[in-house]
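Colleague: Below: one structure in structure tokens.
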Amino acid sequence: MIGLHLATALVVSFWRDWIRVIRGLSTSVTQWRIQTVDQRLARLIIMATIPVGVAGIALDKPFRTTLGRPVPTAIFLALNGIVLLITEQLRRGGTGWGGGVQEPPPWRGRSSGLRTSCRTSGSRG
């Protein structure tokens, strides 16, 4: 039930992106080449889904038996959180926990990026 609500929220929130991806997939299939970013994204999504699906089918039982217990699940989630923190720091150009210039979140518009750049350049306002 939670998965259904999550899928509905993702479709509703990102419907414009889904339309771009579907349009990119259809044009890349009909033209037999990749010319735009949307076409490339659609092909990469399909290519990334195939190995994950095969791994999910092959490792279904081991994942259920291992991650069905609380301690391995907690360890897995903690390690996953650490990996996400490190990769986000690297993505922002930082070398550690405090380095690099902070970028605005991707869901904010351009105006927030302008405010951030004004603040980092030393001006007040």
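Throughout, read-outs are computed from the coordinates displayed, never taken from laboratory work. Model, not experiment: these values are computed from the prediction. Virtual Cβ from ideal backbone geometry, glycine too; neighbours counted across all protein chains shown.
Colleague: At 0.36 nm per residue, minus the direct Cα-Cα distance, what do T66 and A9 gain on full extension? Give it in nm, one decimal, please. Write down the numbers at each step before the final one.
Modeller: Values: separation 57, 0.36 × 57 = 20.52 nm, distance 2.93 nm.
Result for the pair: 17.6 nm of gain on full extension.
Colleague: Around T30, what is the net charge, scoring Lys/Arg as +1 and Asp/Glu as -1 over all other residues with Cβ under 15 Å from its Cβ? Before the final figure, lay out each step's value.
Modeller: Details: positive: R23, R33, R43; negative: D38.
So the environment of T30 carries a net charge of +2.
Colleague: Grab the other residues whose beta carbon is less than 13 angstrom from that of L85, score K and R as +1, D and E as -1, and report the net. Walk me through the numbers on the way to the answer.
Modeller: Values: positive: R91, R92; negative: E88.
Its environment carries a net charge of +1.
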